[in-house]
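Reading through the structure tokens given below for one structure.
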Amino acid sequence: MPHDHSDHPHALLPSDPALRVKALETILTRKGLIEPAALDEIIDTYQNKIGPQNGARVVARAWSDPAFKAALLADADPVLAELGYYGRQGEHMVVVENTPAQHNMVVCTLCSCYPWPLLGIPPGWYKSDAYRARAVREPRRVLADFGVTLPADTAVRVWDSTAEVRYLVLPMRPQGTAGLDEPALAALVSRDSMIGTALVGAPQSNSEAPA
Amino acid sequence: MSRLHDMGGRIGDGPVVPDPADAPVFEHDWHARALAVTLACGSLGKWNIDVSRHARERLSPKDYTRFSYYEKWISALADLLVENGVLTREDLRGQGDAGPHVLASRALKAEAVSAVLAKGGPANRDSDIAAAYRPGDRVKTRHPGGSALVDGGHTRLPDYAAGACGEILLQHGAHVLPDSNAHGLGEMPEPLYAVAFKAGELWAHPEHPNDDVVLDLWQSYLQPDPEAAGT
């Protein structure tokens, strides 16, 4: 077996994970191999700058602009690059459209591949063993864990991200949103709806519609 | 047999528990530091993404099971740093040399972070290997699964899809072959496809006859579906 050994070097670090990270960061910093300010910059990027609001803007635009949507579904990379959404873990994007006939859902069974430039860092459940193990075999039961039930005549297609291609789900536009502009539409789009474990509901604030 | 990370289809994991809507991006500060240290060390240029993934997969089954997500990252990183001669075991024990490292000039600088993240690491390459399949073609995946290049090595063919018959859905062009790139055997780019498999082809008890699973698979993982020959 390649590189398999019983005495992994990591065992030499403290066993508490927070201390383990701190110890390695300290060693690497002392040797000049990492720069703490660069770490802060990386964390700030994914904590505050890049997140599901990016994907939501893309979805709202696709709902509003048929030519944009057609181009996005045909070849996403140039379209997303024009919006400034590209880079690490989003180098090769494919956008898949939900329809009444087909619901799409994304998983990475082998690790945790996820479209960072559009959705940021994946949530805990996406990285969990339960999601990775079950999404491909029983997607409808997994959807039920999220409170989602699909009609029996809607087929479920699960995309297992096994290469460097990253998938974004284009959810169906809800009823009752005809008058909304792109920012108002984007506000309706949840992160999970772009992974495929949620649907986008109608706006809640519409006073003429009963809850 | 595969490794524990190859868990698609496994039975017995219980419910998926969605995060609360207001959950922070990083549950603990050390999660954020683990991610940042790992990304920053990538700039040292001593490994690629496939080597890095394989390092997490090579954690012992006991560690892979008991470690949380970012514990796997930081532990695999420590292993990679020693295996690649960047750090020594004495360093990890806190008994190593202080002072600047020979690779210190490669350290990721704060002002370079946004450019490095924006650049990413595209996996598409020119390849001499012509695409053998087109959308609509019927194919069968390799069986037994596992790496064809290295015994026990890295592959991106999940065990649940080994030996299964499916249909080419999309052509992605040619991409770096992880099975090779994870072991220092070169990038060996070859055609990559999205391949759709009916749920009933993969599972004894599919939830719905019309459901399917799509995987991105390299050409060397595939052969023409013998059942579809001549059709």
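With labels modelled as points extended 7 Å from the Cα through the Cβ direction, what inter-label distance (nm, one decimal) is found for A:Glu82 paired with A:Ser15?
Computed distance between label sites A:Glu82 and A:Ser15 equals 5.7 nm.
Once amide H atoms are built 1.01 Å from N in the peptide plane, which residues 5 or more positions from A:His103, or in another chain, come under 5 Å H to H?
Close amide H contacts, sequence-distant or interchain: A:Ala155, A:Val156, A:Arg157.
Measuring from the lowest to the highest alpha carbon on each principal axis, how far does chain B reach, largest first, in angstroms?
In descending order, the Cα extents are 68, 45, 34 Å.
I need the phi-derived Karplus couplings for the range A:113-122: 6.51 cos²θ - 1.76 cosθ + 1.60, θ = phi - 60°, integer Hz, Gly and Pro marked x.
4, 6, x, 3, x, 9, 10, x, 7, x
Once the Cβ-Cβ distance between B:Met1 and A:Ala67 is put in as r, and R0 is 45 Å, what FRET efficiency do you end up with, to the nearest 0.05?
That pair, B:Met1 with A:Ala67, gives E of 0.35.
Can you tell me how the range B:94-134 classifies by the Cα gyration tensor, rounded, prolate or oblate, using a/c under 1.5 as the rounded cut?
In terms of gyration-tensor shape, prolate.
Looking at the range B:13-125, what % of the alpha carbon pairs are farther apart than 24 Å?
For the range B:13-125, the fraction of Cα-Cα distances above 24 Å is 37 percent.
Among A:Asp75, B:Asp63, which comes first, then next, by fewest other beta-carbon atoms within 10 Å?
Placing the least packed residue first, the sequence is A:Asp75, B:Asp63.
Compute the relative contact order of the range A:135-211 as a whole-number percentage, counting only Cα pairs closer than 8 Å that sit 6 or more residues apart in sequence.
The value is 30 percent.
Work out the FRET efficiency for A:Asp44 and A:Ala101 from their Cβ-Cβ distance, taking R0 = 25 Å, and round it to the nearest 0.05.
After rounding, the FRET efficiency stands at 0.05.
Order these by the 10 Å Cβ neighbour count, fewest first: B:Met1, A:Met194.
Exposure proxy ranking, most exposed first: B:Met1, A:Met194.
Expressed as a whole number of Å, what is the distance separating the alpha-carbon centroids of the range A:42-79 and the range B:111-130?
That distance is 20 Å.
Using only alpha carbon pairs under 8 Å that are at least six residues apart, calculate the relative contact order of chain A and give it in whole percent.
Relative contact order of chain A: 23 percent.
Could you tell me the center-to-center distance, by alpha carbons, between the range A:169-186 and the range B:183-201 in angstrom?
35
For a protection proxy built on the mean count of beta-carbon atoms within 10 angstrom, sort B:97-106, B:117-126, A:33-42 highest first, please.
Ranked by mean Cβ neighbours within 10 Å, highest first: A:33-42, B:117-126, B:97-106.
What number do you get for the range B:33-80 when its Cα radius of gyration is normalised by 2.2 N^0.38 Å, N = residues?
1.07
Could you work out how far apart the two model spin labels at A:Met172 and A:Arg30 are, taking each label as a point 7 Å from the Cα in the direction of the beta carbon, and quote it in nm?
If labels sit at A:Met172 and A:Arg30, their model points lie 6.0 nm apart.
Please state the relative contact order of chain B as a whole percent: Cα pairs under 8 Å, 6+ residues apart?
18
Using a 10 Å cut-off around each Cβ of peptide A:77-86, what is the average number of partner chain Cβ atoms that fall inside?
That works out to 1 on average.
Could you give me D for the range B:159-223, from Stokes-Einstein at 10 °C and 1.306 mPa s, where the hydrodynamic radius is the Kirkwood radius over C-alpha pairs? Units µm² s⁻¹, please.
My calculation gives 124 µm²/s for D.
Given all pairs of different Cα atoms, what value in angstroms does the Kirkwood hydrodynamic radius of the protein assembly as shown take?
For the protein assembly as shown, the Kirkwood estimate is 22.8 Å.
Which whole number gives the average count of other chain Cβ atoms within 10 Å of the Cβ atoms across peptide B:154-166?
Partner-chain Cβ atoms within 10 Å, mean over residues of B:154-166: 2.
How many angstrom lie between the Cα centre of the range A:91-154 and the Cα centre of the range A:13-34?
Comparing the Cα centres of the range A:91-154 and the range A:13-34, I get a distance of 34 Å.
Which of rounded, prolate, oblate describes the range B:104-219, given a ≥ b ≥ c as roots of the alpha-carbon gyration tensor eigenvalues and a/c under 1.5 marking rounded, otherwise prolate only if a/b is larger than b/c?
prolate
Once the Cα gyration tensor of chain A is found, what semi-axes does its equivalent ellipsoid get, as square roots of 5 times the eigenvalues, in whole Å, sorted largest first?
36, 22, 17
Counting partner chain Cβ atoms within 10 Å of every residue's Cβ in B:193-200, what's the average?
Per residue, the average neighbour count from other chains is 3.
Here, each number is a calculation from the coordinates, and none is a lab measurement. In this text, all values refer to a predicted model and were calculated from it rather than measured experimentally. Positions of Cβ are backbone-derived with ideal geometry, glycine not excepted, and every protein chain shown enters the neighbour counts.
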